[in-house]
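Any read-out appearing in this document is the output of simple, stated calculations on the displayed coordinates, not a laboratory observation. This structure is a prediction, so every number in the text was calculated from the model and none was measured. Cβ coordinates were reconstructed from backbone atoms using ideal geometry, including for glycine residues, and neighbour counts include every protein chain displayed.
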Amino acid sequence: DTEVTQTPKHLVMGMTNKKSLKCEQHMGHRAMYWYKQKAKKPPELMFVYSYEKLSINESVPSRFSPECPNSSLLNLHLHALQPEDSALYLCASAGRSGATDTQYFGPGTRLTVL
Amino acid sequence: GQQLNQSPQSMFIQEGEDVSMNCTSSSIFNTWLWYKQDPGEGPVLLIALYKAGELTSNGRLTAQFGITRKDSFLNISASIPSDVGIYFCAGHAGGTSYGKLTFGQGTILTVHP
């Protein structure tokens with residue numbers, strides 16, 4: 001099973017709202033990732049968690065706040081977003097058998113900021 | 001950041017034709033991955049390559065890890081309408097990079113019935 005699930009599928013929020021994106025994997029992977037993707041562009045890495053610890057923050061604005069409650073779950077908390085933050089947000093996981101080179105993506109959350 | 005050179009950027013083909021796309025890099029990679037993405041969905045892993053020279057098939061798809069470790073290609077044989085989508089290559093440099101991938105810009109494939 002190589003399934004990563006994400007909720008919600010779609011999210012519309014105002015610039016003053018607070019919302020959260022959720023991601024779950026049950027493959028025993030030790031690394032989890034958040035990406036942002038604009039239309040017809042490759043995914044852009046935002047955050048990497050390894051063994052539930054934040055390993056990489058790609059200079060992401062503080063209005064995006066990641067959280068890894070346990071080895072299977074990854075959240076992305078959103079606050080005071082801007083319209084330019086509208087995008088497809090992808091979660092991925094990797095790391096079965098110790099390797100982190102092969103990432104499996106979830107279906108994504110389509111975020112629209114009004 | 002670094003990106004892979006993926007070509008072509010787009011392809012318009014007739015159903016039944018074969019397709020070839022490739023990625024090149026100025027740096028060496030230890031792993032090459034090929035993904036397909038449908039509109040509004042996440043990328044789906046098609047083929048993973050782990051050794052220089054490796055040739056791997058997945059149904060009508062065949063991919064190779066270049067001998068120099070700086071390139072990879074993906075071939076699709078006898079294309080069908082459901083092959084439509086964006087294909088991304090991605091490379092992993094290895095080491096303590098926590099799995100950071102470098103992506104190509106994507107190849108947009110359109111298949112005419």
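Within region A:1-50, the residues that satisfy the criterion of being more than 10 Å from every other protein chain (Cβ to nearest Cβ), surrounded by fewer than 20 Cβ atoms within 10 Å (Cβ to Cβ) and closer than 15 Å to A:Thr100 by Cβ are A:Met27, A:Gly28.
Only one of the numbered conditions (1) touching a strand residue (DSSP E or B) at 6+ places or on another chain (Cβ under 9 Å); (2) more than 9 Å from chain A (Cβ to nearest Cβ) is not met by B:Ile67, and that is (1). Of all residues in region A:89-108, those satisfying the criterion of being aliphatic (A, V, I, L, M) and more than 7 Å from every other protein chain (Cβ to nearest Cβ) are A:Ala92, A:Ala99.
Condition check ((1) touching a residue at least 60 places away in the same chain (Cβ under 8 Å); (2) within 30 Å of B:Lys51 (Cβ to Cβ)) across all residues:
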site	(1), (2)
A:Gly28	yes, yes
A:Glu44	no, yes
A:Cys68	no, no
A:His79	yes, no
A:Ser93	yes, yes
A:Arg110	yes, no
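Within region A:75-88, is there a residue that is at positive phi, more than 12 Å from chain B (Cβ to nearest Cβ) and surrounded by fewer than 17 Cβ atoms within 10 Å (Cβ to Cβ)? So far as region A:75-88 goes, yes, one or more of its residues are at positive phi, more than 12 Å from chain B (Cβ to nearest Cβ) and surrounded by fewer than 17 Cβ atoms within 10 Å (Cβ to Cβ).
Filter region B:23-53 down to residues that are in a loop (DSSP other than H, G, I, E, B), away from chain A (no Cβ under 11 Å) and either β-branched (Val, Ile, Thr) or under 14 Å from the mean Cα position of the chain (by Cα) (or both), then give me how many there are. I'd like the intermediate steps shown before the answer.
Applying the first criterion (in a loop (DSSP other than H, G, I, E, B)) to region B:23-53 yields B:25-30, B:38-43, B:50-53.
From the residues that got through so far, the ones that are away from chain A (no Cβ under 11 Å) too are B:25-28, B:51-53.
Restricting the remaining residues to those that are either β-branched (Val, Ile, Thr) or under 14 Å from the mean Cα position of the chain (by Cα) (or both) gives B:25, B:28.
Summing the residues that are in a loop (DSSP other than H, G, I, E, B), away from chain A (no Cβ under 11 Å) and either β-branched (Val, Ile, Thr) or under 14 Å from the mean Cα position of the chain (by Cα) (or both) in region B:23-53 gives 2.
Filtering region B:83-101 down to residues that are part of a strand (DSSP E or B) and facing chain A (nearest Cβ under 9 Å), which residue is surrounded by the fewest Cβ atoms within 10 Å (Cβ to Cβ)?
Filtering region B:83-101 for residues part of a strand (DSSP E or B) gives B:85-92, B:101.
Among the residues that remain, those that are also facing chain A (nearest Cβ under 9 Å) are: B:86, B:88, B:90, B:92, B:101.
On the way: B:Ile86: 20, B:Phe88: 24, B:Ala90: 27, B:His92: 23, B:Leu101: 27.
Per the stated criteria, the residue is B:Ile86.
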